[in-house]
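Structure, as structure tokens:
The values are calculated or read from the model by the stated rules, or taken from the named source; none is laboratory data. Quick caveat, the model's predicted, so the values are computed rather than measured. Cβ sites come from the backbone with ideal geometry, for glycine too, and all protein chains shown count toward neighbours.
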Amino acid sequence: MPKAFHEIARWDGGLNTHFDESDIEGTELSDVSLWSVSKPGQIYTISNYVATGTPPQSGIYSTNVFSVASDATPLVRYGFIIAESDYAIGTNEVAAVVETRYAFIIDSKGELTVLEAFSSSLTTEINLDSASGLDTAAPKPRMFWSEGALRISDSIHGANSKVKWWGVVSFQRFTNSDDVWLNPMGASAGNADSRWVWADASQPKPAVIGTATNTNAYKDNFGAVIYGSTALNYPSQVPGTTMGKGINMNISASTSATDGGWEATSYEFGQTLVYVGNQESMIAPMRIYNSGDTADVSIASQQYWTSVQVFASTSATYDYDKRVTGARIYIRKVGQNKRWTLFLDADFERGVRRNTFDSFDTIWVRGGVGTYSSSVGLKIKSPSPQTYESLNGYSPNESVCSFENDTHGWEDSTVLNRRTFLIGVKYLNDYSGQSEVMPDRIYYSAMTKYDTYPTTNWIDIGVNDGESFTAIEGFANRILAFKQGTLYIINVQNPNDGGWFLEAELKGMGITSADAVTKSDQGILFANTTGLFRFAGDGIPKRLTDKLNKTDWTTDLSTASHFIQVGYDGASEQCFVGEVGIVAAGLHTASSPVYIYDFRTGSFVKHTNYLTDGRSNFSNIPDTRELLWIEPDTTGGTGDEDFKISKYVANTLGAEESAAAGDQYFITKLDDLGSPALMKKFYNLYINLKTGGNYDFDVIVNGGAAVNMNDSTLGSFTKLKVSLSTVANASTFQLKILNKTTTSITINSISLEYRVLYKRVS
């Protein structure tokens, strides 16, 4: 028979190991490593190391970042996120209104470093070492950024850990410049700049003195205790450590009115503190001053409250938490356990009003060092329609509404529909009253209040089922809550949590850690040892690995002491699935194989030794969705306290970094060339390619001896002729191309010259 030509010009079908290599499509590959098929009509080599340059492309940072502990390293699997803000960082943490991007990095000692202007160069480093609030023994932090603030929790609930908050405050208390400590926006008198603040994310209730059980202590404190050298003047001053922890109130009842709307009875009072974001603490019972201090006060029929004034007292030592914006006072009938009704709303910047519908018609007046009062006595003729429940959406009878205690916190989080959902929470169990890690419980925040978690805001799923929640992610009004073996899909579209419902319970779709799931513009992507899955917003997740051999996938992603990691690079629209292991300092060796799924072509490739162990979790640049991570860098010789920010470059032409590794190859299908029963004689291959330098690669047909090709630079596409005279006759054809140098190769077509012989396969 005459000679024939077999053309190979498409590889975008990618890897197919599920079927026999003779039964796959002509555009598919039976094996591939460090070659990309993301561009139809081309196959080209890629590098298994990342690009260098300036952030966010890459950057190497030395000990001036991790400055406290020289042996601190990037946290493997943890401690790295990227976020965007409307505020840049100026001198003394002044928050200038400039759109900017931040990278937040926590090292193995629990030290937080903030890299500001994370776009083209490093402009500002803020090292919050001593104030990190994480367990410095072995923290494993998880972070989320929402509406301009960062929250951090130690997922192992270390003994010294507390949930932390880093964000901007934009208010000036009492609008007075004399008491400079009052201004959370800066220590300078009259400073009106917004300012970045590092604080606990807790919202403790006021520490007010005096209840029915400690009246004498209350009287002693206000009547006899001297703070400094000045006798206290109740109610305008508060003693010692309770300064900056609440407010006081002076009140009288009218005696001859006819237009009062209050029921004739005795009333008690309570107060709260209000934190940034209009987040309110629980209510603390308080005493008031009514011709002497008292726990309650009576009013007659048709009378009203008059001469109502509130007082605040602070000092340079005892000041309000920097996140406190004001306080509220509530009232209710004594002994009837009625709802707490709003009595006064005290904003520490604007003044005091009767309820949140009113304007602020009384301002603050300074009465002495650190002492302030409302300027006039208010008349409150009738109860407000507002209650604690109506203002906050939950009951004032909760144990707590924020993470206030050491060890409290969460293991993973997601923000959806202006709420935060948490798993792996250690908190006060509203049933037992004890601090517990609740493995089957999902907590959720109050609406728009990302630091407020009433102890009754929870969902229990799969109670006592032998599994615990490992990760949580939200997309398209659904919460995906993962346990080790089971995925729960919860519909949270209804603004009322009473309208939420469990949409699906899917066995075999669980994951072992939060590293194995990511949110992308393709939906939620997650992986376990059975495959890679995509949840597009409704229905059940789709398995994307149907063309891959499940046994190989399981073996590659089940290495001891390793964890599956999933990342998504929005620039290339590719999903990255691999493993990460914790390794000894300085021994950041190559990890197990990495799978890349390309959404544009719907294809997989598999790379050998693509990344090293010892890297952090993945994070994305918000606008471009480029994929980055942190890993140690020891090239400078300064030790493991150095680290580099690395970028996923799978679509970038590159080459094998080690000529001896032999990791850069592809193998075509086993092709019978249309006549499976007849033998073939092979003459030549014609490869249309270009290289980035002196090339050196092997051409291997049917697993036989390699035909080496090496020569000088090919700057443009050139057709190379490869003689196959030494290749034995065979009924099938399978080609392997193995790059042996650090030179890149791009191929856009391969032609096989062959002849079908009049000889059957024996």
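Residue by residue, here is whether (1) closer than 16 Å to I747 by Cβ; (2) in contact with a helix residue (DSSP H, G or I) (Cβ under 8 Å, 6 or more places away or on another chain); (3) of a type outside the set (A, V, I, L, M) holds:
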site	(1), (2), (3)
I667	yes, no, no
P676	no, no, yes
L685	yes, no, no
G692	yes, no, yes
D698	yes, no, yes
V701	yes, no, no
Taking only region 235-263 into account, find how many residues are at pLDDT below 85, surrounded by fewer than 18 Cβ atoms within 10 Å (Cβ to Cβ) and within 26 Å of I299 (Cα to Cα).
0
Condition first: among the aromatic types (F, W, Y) and at pLDDT 95 or above. Can you find one or more residues in region 545-556 that meet it?
yes
How many residues does region 307-340 hold that are assigned to a loop (DSSP other than H, G, I, E, B) and of a type in the set (A, V, I, L, M, F, W, C)?
3
Considering region 342-380, residues that are surrounded by 19 or more Cβ atoms within 10 Å (Cβ to Cβ) and in contact with a helix residue (DSSP H, G or I) (Cβ under 8 Å, 6 or more places away or on another chain), and then whichever is farthest from V308 (Cα to Cα), we arrive at G370
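Considering L757, L738, which residue is assigned to a strand (DSSP E or B), farther than 23 Å from T27 by Cα and among the hydrophobic types (A, V, I, L, M, F, W, C)?
Working: L738 fails: farther than 23 Å from T27 by Cα.
Within the list L757, L738, the selection yields L757.
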Given the conditions (1) farther than 30 Å from M438 by Cα; (2) at pLDDT 85 or above; (3) surrounded by fewer than 21 Cβ atoms within 10 Å (Cβ to Cβ), every one holds for W196 apart from (3)
Give G433, G474, G462 a once-over and let me know the one that is in contact (Cβ under 8 Å) with a residue 24 or more places away in the chain, in a loop (DSSP other than H, G, I, E, B) and buried (at least 16 other Cβ atoms within 10 Å of the Cβ).
G462
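Could you pull out every one of the strands (runs of 3 or more DSSP E) wholly within region 682-729 that has 2 or more residues that are assigned by TED's automatic domain parsing to the domain that holds I745, free of Cβ contacts under 8 Å to residues at least 40 places away in the same chain and in contact with a Lys or Arg (Cβ under 9 Å, 6 or more places away or on another chain)? Walk me through it before giving the result.
Numbers: elements: 695-701, 707-711, 718-723.
Filter on region 682-729 gives 695-701, 707-711.
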Collect the residues in region 77-91 that are surrounded by 15 or more Cβ atoms within 10 Å (Cβ to Cβ) and at pLDDT below 85, keeping them in residue-number order.
I89, G90
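State yes or no: is D440 out of contact with any helix residue (DSSP H, G or I) (no Cβ under 6 Å at 6 or more places or on another chain) and without any contact (Cβ under 8 Å) to a residue 24 or more places away in the chain? I'd like the intermediate steps shown before the answer.
Values: out of contact with any helix residue (DSSP H, G or I) (no Cβ under 6 Å at 6 or more places or on another chain): yes; without any contact (Cβ under 8 Å) to a residue 24 or more places away in the chain: no.
Taking the combined requirement at face value, the residue does not satisfy it.
Taking the condition of a type in the set (S, T, Y), touching a Lys or Arg at 6+ places or on another chain (Cβ under 8 Å), at pLDDT 95 or above and buried (at least 16 other Cβ atoms within 10 Å of the Cβ), does T512 pass? Reasoning before the result, please.
Details: of a type in the set (S, T, Y): yes; touching a Lys or Arg at 6+ places or on another chain (Cβ under 8 Å): no; at pLDDT 95 or above: yes; buried (at least 16 other Cβ atoms within 10 Å of the Cβ): yes.
Judged against the criteria, T512 is not a match.
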Identify, please: which residue in region 654-689 is modelled with pLDDT of 90 or more and of a type in the set (D, E) and is, among those, nearest to T612 (Cα to Cα)?
D671
Testing T512 on (1) over 15 Å from T420 (Cα atoms); (2) among the polar types (S, T, N, Q); (3) in contact (Cβ under 8 Å) with a residue 60 or more places away in the chain, one condition comes back false. Which one is that?
(3)
Region 566-653: strands (runs of 3 or more DSSP E) wholly inside it with 3 or more residues that are more than 20 Å from the chain's Cα centre (by Cα), at pLDDT below 95 and hydrophobic (A, V, I, L, M, F, W, C) are none
Test for N191: is it assigned by TED's automatic domain parsing to the domain that holds A95, at pLDDT below 85 and in a loop (DSSP other than H, G, I, E, B)
yes
Being surrounded by fewer than 17 Cβ atoms within 10 Å (Cβ to Cβ), basic (K, R) and at pLDDT 90 or above: is that true of R755 here?
yes
If we ask which residues in region 517-565 are assigned to a strand (DSSP E or B) and over 22 Å from G614 (Cα atoms), their number turns out to be 12
Look through V297, V324 and report the one residue that is in the same structural domain as K379 (by TED's automatic domain parsing) and closer than 23 Å to K449 by Cβ.
V324
Starting from residues that are outside any loop (DSSP other than H, G, I, E, B) and at pLDDT 85 or above, keep the ones in region 160-188 and report whichever is farthest from E93 (Cα to Cα).
F174
Yes or no: region 386-396 includes at least one residue that is within 24 Å of the chain's Cα centre (by Cα) and modelled with pLDDT under 95.
no
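Scan region 92-101 and give yes if some residue there is in contact with a His (Cβ under 9 Å, 6 or more places away or on another chain) and modelled with pLDDT of 85 or more, otherwise no.
First pass over region 92-101, keeping only residues in contact with a His (Cβ under 9 Å, 6 or more places away or on another chain): none.
The answer is no; no qualifying residue exists.
The rows are residues; the columns are (1) among the hydroxyl-bearing types (S, T, Y); (2) assigned to a helix (DSSP H, G or I); (3) more than 19 Å from S619 (Cα to Cα); (4) touching a Cys at 6+ places or on another chain (Cβ under 6 Å).
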residue: D451; (1), (2), (3), (4): no, no, yes, no
residue: T456; (1), (2), (3), (4): yes, no, yes, no
residue: F482; (1), (2), (3), (4): no, no, yes, no
residue: I490; (1), (2), (3), (4): no, no, yes, no
residue: P495; (1), (2), (3), (4): no, no, yes, no
residue: L506; (1), (2), (3), (4): no, no, yes, no
residue: D515; (1), (2), (3), (4): no, yes, no, no
Within region 408-430, take every residue that is surrounded by fewer than 20 Cβ atoms within 10 Å (Cβ to Cβ) and free of Cβ contacts under 8 Å to residues at least 60 places away in the same chain and give me the one that is nearest to the chain's Cα centre (by Cα).
R418
Restrict the check to region 304-322 and report whether at least one residue is touching a Gly at 6+ places or on another chain (Cβ under 8 Å), without any contact (Cβ under 8 Å) to a residue 60 or more places away in the chain and not hydrophobic (A, V, I, L, M, F, W, C).
no
